[in-house]
Amino acid sequence: MLLAALLAVAGLLTQAASAQGREASVTIGLGGNLVAGTWNPLQVTVRDAPAATLSVRIDEGDLVSGPRVVRYQAAVPGGSGVTVFSDDVYVPPFRTLAWTLAGTDGVLASGSLGARDADGRPLQVVVSANPGAWRAAFGADARVVDVAASQLPGRAAAYDGVATLLIDGTAAAPRAESVAAAAAGGVNVVLAGALPSSQAGLGALAGAGVRRLGAGQVRRVEASDDAVASALAVWRPAERARLVSALAAAPLVRAPRSAPQPLVLSVAAAYALSTLLALRFGGRPGVVAALALAVVVSVAGWRFLRPPAAELSAQRTLMLGGGELALALSVEERLTLPAGDVSVSEPARPLSELPYRTDANGTHVALARWHGVSLALRPSLAEAALRFEGGRLRNAGSAVLRNVYVIGVGEQGTLAPGASRVVRPGEEAAGPADVARLRALLPAGSALAEGPETLWVALPPVLSDAGGRP
Amino acid sequence: MSALAAVAGRARSADMLQLLALYMATLFFVVAVRWPGGAGSNEAWFALAPTRAALLALLGTGFGAAEALRPARRRRATAGALLLFVVASAPFDAATYAASYPAAPLWWSAGVPFLEVLAYWTLGTGLGRLAGLLRIDTFLAVLVPAVLVGLVWADVRLGLDAFDPLTYAVHVSWRHAAVMAALALVGGASHLRSGARATAEGSEGA
């Protein structure tokens, strides 16, 4: 039954076109399982086909506000043999989603989804030769999907909609970097039972039994429903979406202030009066003086009143680290004074309900004059600068980390590059409002530190049999 | 008498000076109302530019109609004084444009009012001559705004993109610029011709 349903969904999501020996397929979601409201992996596979353009049109509007269209476009290389194009695309909760893969001589593949396919429940991914055996370990409402190891991408953003990755060693082994990317992206990776020797690399990711890796963890458990259910129950995932919202809660850029109204009106009145007097009493010299005065006041007004730039921007990044890896959650705010498109050079999504488009040049949002938008950039992985190592807090980066603070323990001062220190009770301070908002969403024992335009977080080592809290 | 002296003489006349004062007072009022008191968006130009364009169109049409049957020298001086109106109000435009940072280019905001005032002055001249021919010049005070409103209405209704001074004060339209330039050229050529005819008649009379 489950398998039939999965096949039906996969059939909806994937359309293969075969003409004159060409084949093309488009898959959105992990193994064709799309999660609305998250970043999803997108894969295009073409065989013996020319270069094509993939266009995805997502209508996230509603009956009240009308259509609100998100567009995604990518160039898919072609040629003889099989070509695979992979990317990650943010799929908001939608009314309709349609895609077209078009080459120079026609459409290679196309398809569409309706609102009922916009399932926002996170995926519980099982990599197993017998996935049905683990169904009971997940709750009744869980969205358990069976995915082949080869379908697991090596990009953290692709796992935005995944809650759990269960591997029992009975199926082909996924690549260790895919599993590491999943864990660092915030997934609870559960390795159930004894893994075969060919999958020893995966076991090493879990260390002694459980290990924090980026925003997620890798945990080894016994091969039983109870052990897996227990591993799922104790896991408290990092609330990535709420962290991004908290990051953008306070405005990063502010509109420039206009000159004081009394000053502007005083100058305007003085100018108008001078012009009238010059024309009334000046004759020909008066006309020349009025013209000269108009030029001088225009130039002076321009220089004094013109804001320095048409577009203002600022970026803030939260590095959610565990172990050696960190998940970069970045928010970029753009404010434009003239109406027009604002663009960021990376894939991103607006945090407000605005139509936008993403292509090879980045993400573009059309804004009205004097309007701003906060864009959440696609999550990515980076090396963690702030780490817990052997009960000590260490700065492994190249910049000084200031205002180091451990939630529930207190302030820890400043950490120079390469320096480490034992965490000791310090002064409990509320800190700035934006940092306080983030602290409220992080588990006790998390360390925070401020770097240049970046807020570093070291999530506490996961409680294991051997302990390990700071 | 030089052209500058003629313009200076026309500009200091009571009707011109009073209308210039009223014109600048209106622009001052718009700035006073629309300039932001503190932080926030500055949209003063988006109110000032259409107001300025509408007033210039009204003044151009009105003076063109009222002086259609006056001597060419007088009409030239009036046209020069109207161009002086455009220059005199340029600081209001430049200041609000600078602060509002609109998407419309500066050359549009700075250049098109010169074309518009001459174009509407030409239209007004035609209207005045027609009214004189039909002996309804008594109603020019009503005809001028009525014709302007009619032109704007037709422009919007028929999508002509040609005459509406309000919309194209803040949006670039090549068709509007072309129509305004053509009308200004027609007016200029007509005055040159009438000026040459007057000169010829003067020399014949001598």
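The numbers here are math on the coordinates, done by the rules we state, and not lab data. All values derive from a computational prediction rather than experimental measurement. Please note: Cβ atoms are built from the backbone with ideal geometry, for glycine as well, and neighbour counts cover all protein chains shown.
Taking H as built 1.01 Å from N, whose amide H comes closer than 5 Å to the amide H of A:Tyr90, not counting residues under 5 places away?
Long-range HN contacts for A:Tyr90: A:Asn40.
Ranked by Cβ crowding within 10 angstrom, fewest neighbours first, how are B:Val170, A:Val147 ordered?
The most exposed by this proxy come first: B:Val170, A:Val147.
What is the distance in Å between the Cα centroid of the range B:92-112 and that of the range A:311-366?
Their Cα centres are 30 Å away from one another.
What fraction of the DSSP beta bridges in the protein assembly as shown is antiparallel, stated in percent and rounded to the nearest 5?
The antiparallel fraction comes to roughly 80 percent.
Can you give the mean number of other chain Cβ atoms that lie within 10 Å of the Cβ atoms in peptide B:10-16?
Counting Cβ atoms of other protein chains within 10 Å of each residue's Cβ and averaging gives 3.
Going by the alpha-carbon gyration tensor, a ≥ b ≥ c the square roots of its eigenvalues, is the range A:123-237 rounded (a/c under 1.5) or, if a/c is not under 1.5, prolate (a/b greater than b/c) versus oblate?
On the way: a/c = 1.18, a/b = 1.09, b/c = 1.08.
In terms of gyration-tensor shape, rounded.
What net charge is computed for the residues neighbouring A:Val70, neighbours being all others with C-beta under 9 Å from the C-beta of A:Val70, Lys and Arg scored +1, Asp and Glu -1?
Every neighbour counted, the sum reads +3.
What length, rounded to one decimal in nm, is gained on full extension from A:Val296 through to A:Ala444, with 0.36 nm per residue of separation minus their alpha-carbon distance?
Extra length from A:Val296 to A:Ala444 when fully extended: 47.0 nm.
Starting from a Cα-only point model with no solvent, please compute log10 I(q)/I(0) by Debye for the range A:20-61 at q = 0.28 1/Å.
Here the Debye-derived log intensity ratios amount to -1.06.
Bins of 5 Å, beginning at zero and ending with the bin holding the largest distance: percent of Cα pairs per bin for the range B:1-71, please.
Final binned percentages: 3, 14, 17, 20, 15, 12, 8, 5, 3, 1, 0.
Neighbouring Cβ atoms within 10 Å as the yardstick, rank A:Ile28, A:Ile407, B:Ile136, A:Ile58 fewest first.
B:Ile136, A:Ile407, A:Ile28, A:Ile58
Would you mind ranking B:His191, B:His171 so that the residue whose beta carbon has the fewest other beta carbons within 10 Å leads the list?
So the ranking, lowest neighbour count to highest, is B:His171, B:His191.
Normalise the Debye intensity by I(0) for the range A:261-305, one equal point scatterer per Cα, no solvent, then take log10 at q = 0.16, 0.23, 0.30 Å⁻¹ and round to two decimals.
Debye output, listed in q order: -0.43, -0.77, -1.02.
Please work out, to two decimal places, the log10 of the ratio I(q)/I(0) at q = 0.24, 0.27 Å⁻¹ from a Debye calculation in which every Cα of the range A:343-422 carries one identical scatterer.
-1.02, -1.24
As a check on your grasp of the helix formula, calculate [θ] at 222 nm for chain A: sum -39500 (n - 2.57) over DSSP H runs of n ≥ 4, divide by the residue count, round to the nearest 500.
-6500 deg cm²/dmol
With only alpha-carbon pairs counted, each pair once and no self-pairs, how large is the Kirkwood hydrodynamic radius of the range B:3-205 in angstroms?
When all Cα pairs of the range B:3-205 are included, the Kirkwood radius is 17.7 Å.
How big is the range A:386-450 on each of its three principal axes, counting only the C-alpha atoms and giving the largest first in Å?
The Cα atoms of the range A:386-450 stretch 28, 21, 19 Å along the principal axes, largest first.
I'd like the projected area of chain A, averaged over all directions, using the convex hull of its alpha carbons. Report it in nm² with one decimal.
Working: hull surface 125.9 nm².
Mean projected area for chain A: 31.5 nm², to one decimal.
Give the shape of the range A:118-188 as rounded, prolate or oblate, defined through the alpha-carbon gyration tensor: a ≥ b ≥ c are the square roots of its eigenvalues, a/c under 1.5 means rounded, and otherwise the shape is prolate if a/b is larger than b/c and oblate if not.
Note, shape of the range A:118-188 comes out oblate.
Where the Cα atoms of the range A:21-117 are projected onto their three principal axes, how long is each span, largest first, in whole Å?
Result, largest extent first: 47, 26, 18 Å.
Which residue, B:Phe163, B:Phe139, B:Phe114, tops the fluctuation ranking in a GNM of chain B built on C-alpha contacts under 10 Å?
Greatest mean-square fluctuation among the candidates belongs to B:Phe139.
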